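For reference, the structure discussed in these notes is given below.
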Amino acid sequence: MKLKKTPLSSLLQATTNHMVDYLEQLDTRPIVPTEDHISAMEGLDFDLQDQPIDPKQVVDLLARLGSPGTVGSAGGRYFGFVIGSTLPAALAAHCLAGAWDQCAGLQVLSPVGAKLEAIAGRWMKQMLGLPGQSGVGFVTGATMGNFTGLATARHALLKQAGWNVEAQGLFGAPEIKVVVGEQVHVSVLKSLSLLGLGSERVVRLPVDDQGRIKTDTFEFEDGPTIVCLQAGNVDTGSVDPLNQIIPLAKKKGAWVHIDGAFGLWAAASSKYKHLIEGVELADSWSVDLHKWLNVPYDNGVVICRNPELLVTAMSVNAAYLPDGTPGPYQLTPGLSRRARGVEAYAALYSLGKSGVAQLIEDCCRHAKTMANSLEQAGYKILNDVVLNQVMVDFGDNTDQIIQAIQEEGTCWASGTTWKGRSAMRISVSSWATTEEDVKVSLEAMIRIARQYSSIT
């Protein structure tokens with residue numbers, strides 16, 4: 001059967017209306033779906049029919065049953081898992097990029113995709129204070145950014161040892177040591193596992209009470225070594241002492257990789273850039289864009305000081321691939337991928353340097369307000385609030401209070417365990433968070449915590 005061409009104007013207008021309705025209701029709906037909303041999603045599950053139907057009917061069904069089943073992470077009162085929302089310009093660019101439907105891996109397939117990635121990558125390097133000659137690859141997020149940076153490190157170190165890991169694999173290869181802190185993020189460990197370097201054979205160094213590697217314990221044996229440092233501990237927001245550790249690592253010939261999923265954005269603010277002093281001395285960096293830059297999921301970058309090493313580690317060759325100038329596909333593991341650079345370009349262009357700085361500073365200010373208010377209410381703050389992360393100890397009932405806050409729905413924050421104790425982790429990462437959101441969320445948190453404590 002021949003598919004009918006759908007009139008796009010009315011379909012996209014209806015879709016736009018659904019999007020606007022959804023976004024305008026975020027402030028008045030619970031952050032998480034109710035049980036009724038979750039049950040209603042069963043209406044999406046049915047046997048696939050034989051004949052095509054009107055696309056508008058599809059979108060209407062998704063909006064009616066799907067929208068209520070979402071988590072309201074696009075609003076200003078979601079403080080879980082270091083998740084940003086989406087800037088208006090980035091959302092609009094996301095929709096436009098969807099209409100363009102570009103395969104951005106090859107320049108010949110998407111000249112605009114390649115161009116926007118190059119521009120956005122240059123802007124980010126300037127804003128983050130990283131070497132201008134570095135190569136930038138657009139990936140799904142910090143996990144793939146870590147994977148790509150560490151794959152490049154593996155290539156570079158084994159090349160120095162006379163081993164071609166891309167051709168020969170790891171069987172019989174010289175050993176590579178990997179040094180991490182005790183508070184290393186799981187995305188780094190996952191990347192090491194996927195690369196055949198092992199997540200359990202790493203050398204773990206002691207950290208201080210904020211999760212930062214202790215400089216006086218920083219030592220490792222000679223030989224090919226990757227040192228993984230952190231810009232933004234996922235619980236405390238703290239940053240390893242980069243300006244002290246990186247020179248020590250470089251003296252011994254190590255490759256230094258920075259997991260900077262959200263903390264690297266501190267460089268965009270003159271108020272907070274001192275926290276990551278020395279970051280430019282590393283060899284590779286991974287940073288999310290869907291966190292603090294507030295672009296749609298999934299979006300991140302890997303940056304490598306030596307673009308030739310990145311290209312060699314990532315490149316593939318085939319008769320149908322064009323020769324010539326290296327294209328985006330040579331900077332990331334993926335060949336076929338969407339044009340993520342469109343959203344990054346739109347976000348950066350719409351905000352400008354001062355706007356990005358303001359976004360970072362607003363989130364940090366809100367985090368400090370929440371920490372101070374919760375402390376004044378009698379609850380213990382477990383970390384130094386240096387960026388956007390706050391850990392709260394409500395006492396013996398912390399787990400139950402976290403669950404009650406989540407279920408009540410005014411706001412949402414996740415739980416964690418810090419030094420053997422349960423804690424609520426508040427991550428302020430959204431451009432949409434306002435003073436009113438902070439006030440309303442604090443009232444709910446404190447009210448629920450006191451109510452629960454009085455009951456028990």
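For segment 46-59, residues that are of a type outside the set (S, T, N, Q) and farther than 15 Å from Pro7 by Cβ total 4.
Does Ala90 satisfy the criteria of being more than 28 Å from Ser441 (Cβ to Cβ), outside any loop (DSSP other than H, G, I, E, B), in contact with an Asp or Glu (Cβ under 8 Å, 6 or more places away or on another chain) and not hydroxyl-bearing (Ser, Thr, Tyr)?
Values: more than 28 Å from Ser441 (Cβ to Cβ): no; outside any loop (DSSP other than H, G, I, E, B): yes; in contact with an Asp or Glu (Cβ under 8 Å, 6 or more places away or on another chain): yes; not hydroxyl-bearing (Ser, Thr, Tyr): yes.
No.
Does Thr15 satisfy being touching a Phe, Trp or Tyr at 6+ places or on another chain (Cβ under 9 Å) and either surrounded by 12 or more Cβ atoms within 10 Å (Cβ to Cβ) or within 24 Å of Cys95 (Cα to Cα) (or both)? Even if it seems obvious, please write down each step before you answer.
Details: touching a Phe, Trp or Tyr at 6+ places or on another chain (Cβ under 9 Å): no; either surrounded by 12 or more Cβ atoms within 10 Å (Cβ to Cβ) or within 24 Å of Cys95 (Cα to Cα) (or both): yes.
So Thr15 fails the test.
Here the condition is being among the acidic types (Asp, Glu), within 19 Å of Thr140 (Cβ to Cβ) and either over 23 Å from the mean Cα position of the chain (by Cα) or crowded, with 18+ Cβ neighbours inside 10 Å (or both); of Asp60, Asp101, Asp54, it holds for Asp101 alone.
When Gly198 is tested against (1) closer than 23 Å to Glu175 by Cα; (2) under 16 Å from the mean Cα position of the chain (by Cα), only condition (2) is not met. In segment 205-233, the residues that are over 18 Å from Ser191 (Cβ atoms) reach residues that are aromatic (Phe, Trp, Tyr) and assigned to a strand (DSSP E or B) with C-beta atoms within less than 9 angstrom, at least six apart or across chains, in these pairs: Gly211/Trp418. I'd like to know if segment 181-188 contains one or more residues that are over 20 Å from the mean Cα position of the chain (by Cα), buried (at least 17 other Cβ atoms within 10 Å of the Cβ), modelled with pLDDT of 95 or more and of a type in the set (A, V, I, L, M). Looking through segment 181-188, none of the residues is over 20 Å from the mean Cα position of the chain (by Cα), buried (at least 17 other Cβ atoms within 10 Å of the Cβ), modelled with pLDDT of 95 or more and of a type in the set (A, V, I, L, M). List pairs: first in segment 29-42 and within 13 Å of Gly66 (Cα to Cα), second aliphatic (A, V, I, L, M) and in a helix (DSSP H, G or I), Cβ under 7 Å, 6+ apart or cross-chain? Close Cβ pairs (under 7 Å, with a partner that is aliphatic (A, V, I, L, M) and in a helix (DSSP H, G or I)) amount to Ala40/Leu65; Met41/Leu65. Can you work out which of the residues in segment 408-436 that are in a strand (DSSP E or B) and touching a Leu at 6+ places or on another chain (Cβ under 7 Å) is surrounded by the most Cβ atoms within 10 Å (Cβ to Cβ)? If we take residues in segment 408-436 being in a strand (DSSP E or B) and touching a Leu at 6+ places or on another chain (Cβ under 7 Å), then Ala423 is surrounded by the most Cβ atoms within 10 Å (Cβ to Cβ). Number of residues in segment 234-258 that are touching a residue at least 12 places away in the same chain (Cβ under 8 Å) and farther than 20 Å from Asn383 by Cα equals 15.
The values are calculated or read from the model by the stated rules, or taken from the named source; none is laboratory data. These numbers were taken from a predicted model, which means no experiment stands behind them. In this analysis, Cβ positions are derived from the backbone assuming ideal geometry, glycine residues included, and neighbour counts consider all displayed protein chains.
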